[in-house]
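In what follows, a structure is listed as structure tokens, so that the remarks can point back to it.
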């Protein structure tokens with residue numbers, strides 16, 4: 001997969017910008033707060049996913065404007081071999097002014113616009129953002145989201161399964177919730193409804209866990225190998241899926257814990273309660289890892305995510321790396337710079353010195369204004 005061009009209008013602090021990236025490395029440099037991450041975020045939205053920084057769609061539109069527009073030209077690997085002159089054209093509008101349901105809409109090759117989520121799987125990308133360090137230190141929810149987001153890109157049907165599970169879970173929690181303002185349902189009626197919801201949760205929950213386990217069988221060895229190279233074998237990384245139930249056992253678990261859930265007023269079991277444990281030398285990374293080790297763990301996971309996607313789909317994702325070299329020693333920096341040359345990669349940095357000996361397109365972002373630097377990096381400064 002390659003991004004051939006990107007036009008951005010009224011997006012966050014960017015009034016207008018035009019980007020023509022290189023086949024491999026594209027560097028976007030500049031001081032903090034100038035809009036480098038905003039540009040990476042705009043590229044990420046082409047996946048159909050929500051912003052990796054969180055927030056509402058309205059926050060993506062430049063202050064004082066009613067809507068933002070992203071126009072991109074993309075080319076899949078198969079197209080590049082067979083039809084290199086017919087790239088896909090994607091036009092995304094955020095905050096459509098004439099729509100009764102403002103949000104993110106995308107049109108591909110002139111087709112009628114659809115919700116941006118319909119792009120899932122059409123533009124594979126993997127993003128690293130400093131906020132992703134919470135994958136190590138943060139709550140299990142973030143690690144589950146990491147797995148689920150990757151699976152949604154790889155298997156469009158997974159999103160349907162996930163949404164059905166979440167909808168049934170929300171209904172179950174509403175049924176279980178104790179409220180002083182809402183009359184309590186009769187016990188027999190409540191348990192009958194719980195049985196129906198648990199049947200749906202068991203079916204979708206088993207499918208979710210099955211996909212997660214299968215994905216981790218591919219992701220785990222790749223991530224661990226990446227970490228071994230990044231750390232030069234200083235520590236050994238492990239991934240372990242902390243499951244609440246064995247395959248085929250969710251329905252029985254839901255029945256066994258029904259009374260406990262009725263007393264607690266919330267759901268207590270299912271894949272929404274499971275975790276991905278990250279270990280270094282057998283110890284929890286969230287407890288013992290340094291800042292540099294945390295960053296190395298997350299980078300290992302992200303590079304493994306890209307490699308797994310390439311193996312599964314035959315399409316190598318575009319890599320979006322925001323402030324990726326901070327807090328890494330020189331050896332780890334050089335390893336990453338080598339890996340960046342393998343496929344199309346976008347990287348932001350405040351410090352251009354690490355890229356002096358690399359080839360690629362170089363841009364500077366200053367106050368939302370994107371400028372291409374035509375001189376070789378070895379002869380210029382960002």
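We did not get these values from a lab; they are worked out from the coordinates using the rules stated. Keep in mind the model is a prediction, meaning the values are calculated, not measured. As a convention, Cβ positions derive from the backbone with ideal geometry for all residues, glycine included, and neighbour counts pool all protein chains shown.
Below are the figures for this structure:
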item	result
Fewest-first sequence of 158, 187, 241 by Cβ atoms within 10 Å of each Cβ	187, 241, 158
Rounded tilt (10° steps) of 291-313 against the dominant C-alpha axis of the chain	90
The stretch 264-327 versus the stretch 186-257: alpha-carbon centroid distance in Å	15
Matching label, Kirkwood radius over Cα pairs in Å computed from the structure shown, candidates (1) 22.6; (2) 23.8; (3) 21.4	(1)
At R0 = 30 Å, FRET efficiency that the Cβ-Cβ distance of residue 107 and residue 13 yields, to 0.05	0.75
Spatial separation of Cα centroids for the stretch 136-156 and the stretch 111-134, in angstrom	13
The chain: most fluctuating residue of 327, 229, 83 per GNM, C-alpha cutoff 10 Å	83
16 Å reach of a label modelled at residue 24, 7 Å along Cα-to-Cβ, counting backbone N of the stretch 320-338	334-338
The stretch 211-359: radius of gyration over Cα atoms, expressed as a fraction of 2.2 N^0.38 Å	1.30
Alpha-carbon gyration tensor eigenvalues x 5, square-rooted, for the stretch 123-214, Å	32, 17, 10
GNM flexibility winner over the chain from 288, 123, 146 (Cα, springs under 10 Å)	288
Antiparallel bridge percentage (DSSP; both residues within the chain; nearest 5)	70
The stretch 24-145, Rg to Rh (Cα coordinates; Rh as Kirkwood inverse mean 1/r)	0.99
Candidates 115, 263, 273: whichever shows maximal mean-square fluctuation once the chain is modelled as a Gaussian network with Cα springs under 10 Å	263
Residue-span extension gain [residue 366 to residue 195] - 0.36 nm each, minus C-alpha spacing	55.8 nm
Cα→Cβ-extended label distance, 7 Å offset, between residue 255 and residue 78, nm	4.4
Shape call, the stretch 130-179: gyration tensor on alpha carbons, a/c limit 1.5	oblate
Label-point separation in nm, residue 184 to residue 170, each point 7 Å along Cα→Cβ	2.7
Sites residue 160 and residue 65 - FRET efficiency at Förster radius 51 Å, r taken between beta-carbons, to 0.05	0.90
Overall form of the stretch 133-314 per C-alpha gyration tensor (a/c, 1.5; a/b vs b/c)	prolate
